[in-house]
Structures are given as C-alpha cells and as structure tokens.
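Written below as structure tokens is the structure these notes are about.
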Amino acid sequence: MRLDIVTIFPEYLEPLNVSLVGKARAAGRLDVRVHDLRAFTHDRHHTVDDTPYGGGPGMVMKPEPWGEALDAVLASGAGDDPVIVVPTPSGRPFTQELAQELSAARWLVFTPARYEGIDRRVIEEYGARLDVREVSIGDYVLAGGEAPVLVMVEAIARLLPGVLGNADSHRDDSFAPGAMAGLLEGPVHTKPPEWRGRTVPEVLISGHHGRIARWRRDEALRRTAANRPDLIERCDPAALDRHDLATLAELGWEPGEDGRFGRASGRVEE
Ligand code: ADE
C-alpha cells in the first residue's frame, strides 16, 4: 500500500518509522511518503494560511498550496486514483469498519490540516473527481490532523496482509467483525500463573477450549455492558445464544418489546 501525507509538520510523522508501521515500511509492505506543504508556497514567508472570509476567529489554510501539493502527489501515481482522507473533527467517525475498508485501497493520501481547516474549495475540487473522505477520530478537537493520521495509519496498517506476525491477532479485536462483532475484547493474562498473590482465572489454564471460549465471551459481554452500554443497546438479541442472554440478564439487560436490549426495570443502577 502507498501512503502520502501532506503536512506543515513533516517531523510530526516520525513515529511512522517505529514499531509495526516502521517494520512494514522496511519490509516494503508500506510505501510512506511525507511531503512538506510549505514546499508548495512561493512567497518569502511560505504562507499557508489566511484570515477567514466572513470573519471569525482563527486562520484558514489557503487553497493554492494544497492544490499544488495534491496535483504533484497525484501526478506521481502509477495510474490508479488514491482515496484522499481529510482528518477533521467535522468528518464521519473513524471506526474499525472504515479502517477495514481503507485497508483494501492501494493508495491513500492524507491531508492533515492545522488552524481552522482547509479552504472548502479544495475538498470540492478533488471530491468532484476522486473519493475524498472527511474523517474524525473522535468527538474532541485536536490542534491538527497529524495525530489523527498516526492513529488511522496504525489502525489500517495492522490490517494489511503480513503486517501483524500472527494473522489471527486481529480476529478477536474489539469491534472486529465475526463471532464477537459489536463486543469489546475481554481481559488477557500471561505467565506467571501467580503475581503479587493474584492468580490467573482457573478456566484459562484448564485446557478446555469450550469453557475458555465461553468465559471469554462472558467477559466480553461484561466489559461491553460496563464500558459501552450503547453497544449492548445496538446488539441484535437474535444474534446471541442462550448463554449470552443469561449473562446479560445477570447484568440487568433484557430484550424489550421492540426487540432491542434495555436495562431490566426495577434494577438499581451501579
Ligand atoms: N483534527 C482536529 N481534531 C480532529 C479529530 N477529532 N479528528 C480528526 N481530525 C481532527
């Protein structure tokens, strides 16, 4: 996969040389190219921003450097079009599903902005002929899109074939499709069997695969109910087995008349 990132802070993307993404680059699975937006300015001060039309606080990124930078990146492509990912708190949420979808692309171009964002005409211009996605990594506002690019690249890169050592490693990830779809991943343990007087749950050393799978699923249900009740509300009761329903009932969740889970009435909130 090829990744181009256009930014006024190329050094912010240095972590892409480290760990999983760094190894994927070294192994030739990821071709990451970072471009300095200021290299596409022509004034002495390398200006990339200006005051907003209509007034208001902050500055807006000028369209000309972005246009020149994106034209140069696009012209360097070998035929296919990239998906352009524009990080912005006003975008669609970045989810595991979107990470999966983007991991199937051959080429992604990221346009992390600073200030109040990029002049709208840039998104319109490239959106008219390319797949442009405005994406938010969460309901909070960061100082720029570089940290969101690091987040998205890591989430996407670990899904690429051959990037994770063990191809099964993302099978049980929280939010992954499959048997645990819509549930958070439960707790994990490793050696030693006892640490500071705390032991590993007996079932995990039982060697009994059926009991282990059931325990993991119950823990996933418990953790999801505690940390993300919204995910339980979205769960389809018909997709759950008898044990799941019993575990959720113990936690105070029952399917209602609308076929959706709700908290059983009369239960005291924790
Ligand atoms: N830029 C600033 N905040 C952001 C967010 N939450 N997601 C994506 N890009 C951003």
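Look at the Cα gyration tensor of segment 68-111: its axes a ≥ b ≥ c give a/c of at least 1.5 with a/b at or below b/c, and that counts as oblate. The orientation-averaged projection of the convex hull spanning the C-alpha atoms of the chain amounts to 20.7 square nanometres.
The mean sequence distance of close C-alpha pairs (under 8 Å, at least 6 residues apart), as a share of the length of segment 27-97, puts its relative contact order at 20 percent.
Averaged per residue, segment 161-229 has 68 square angstrom of accessible surface, using a 1.4 angstrom probe with ligands and nucleic acids left out. Within the listed set 74, 204, 130, the Gaussian network model of the chain (springs between alpha-carbon atoms below 10 Å) gives the highest mean-square fluctuation for 204. Only beta bridges with both residues in segment 1-111 are counted; by DSSP, about 15 percent of them are antiparallel. With loop membership from DSSP and a limit of 13 other Cβ atoms within 10 Å, the longest segment of the chain without trypsin sites (Lys or Arg not before Pro) is 197-259. Eigenvalues of the alpha-carbon gyration tensor of segment 107-193, scaled by 5 and square-rooted, set the equivalent ellipsoid semi-axes at 34, 16, 13 angstrom, largest first.
Each Cα pair under 8 Å and six or more residues apart adds its separation to the average, and for segment 144-270 the resulting relative contact order is 15 percent. Applying the Kirkwood pairwise sum to the alpha-carbon positions of segment 146-236 produces a hydrodynamic radius of 15.4 angstrom.
Computed from the alpha carbon positions, the gyration tensor of segment 26-116 leads to an equivalent ellipsoid with semi-axes of 27, 19, 11 Å, biggest first.
Between 42, 208, 170, the GNM of the chain built on Cα springs shorter than 10 angstrom shows 208 fluctuating the most.
Solvent-accessible surface of segment 21-107, taken per residue with a 1.4 Å probe and all protein chains present: 58 Å².
A Förster radius of 41 Å, combined with the Cβ-Cβ distance separating residue 160 from residue 264, puts the computed FRET efficiency at roughly 0.40. Solvent-accessible area of the chain (1.4 angstrom probe, protein heavy atoms only): carbon and sulfur portion equals 51 percent. Over the chain, what relative contact order in percent results from Cα pairs under 8 Å that are six or more residues apart? About 15 percent, as a whole number.
The values are calculated or read from the model by the stated rules, or taken from the named source; none is laboratory data. Note that this is a predicted model, so its numbers are computed, not measured. Positions of Cβ are backbone-derived with ideal geometry, glycine not excepted, and every protein chain shown enters the neighbour counts. Each accessible area value is taken on the protein alone, full model and side chains, heavy atoms only, with ligands, DNA and RNA left out. Shrake-Rupley method; radii C 1.70, N 1.55, O 1.52, S 1.80 Å.
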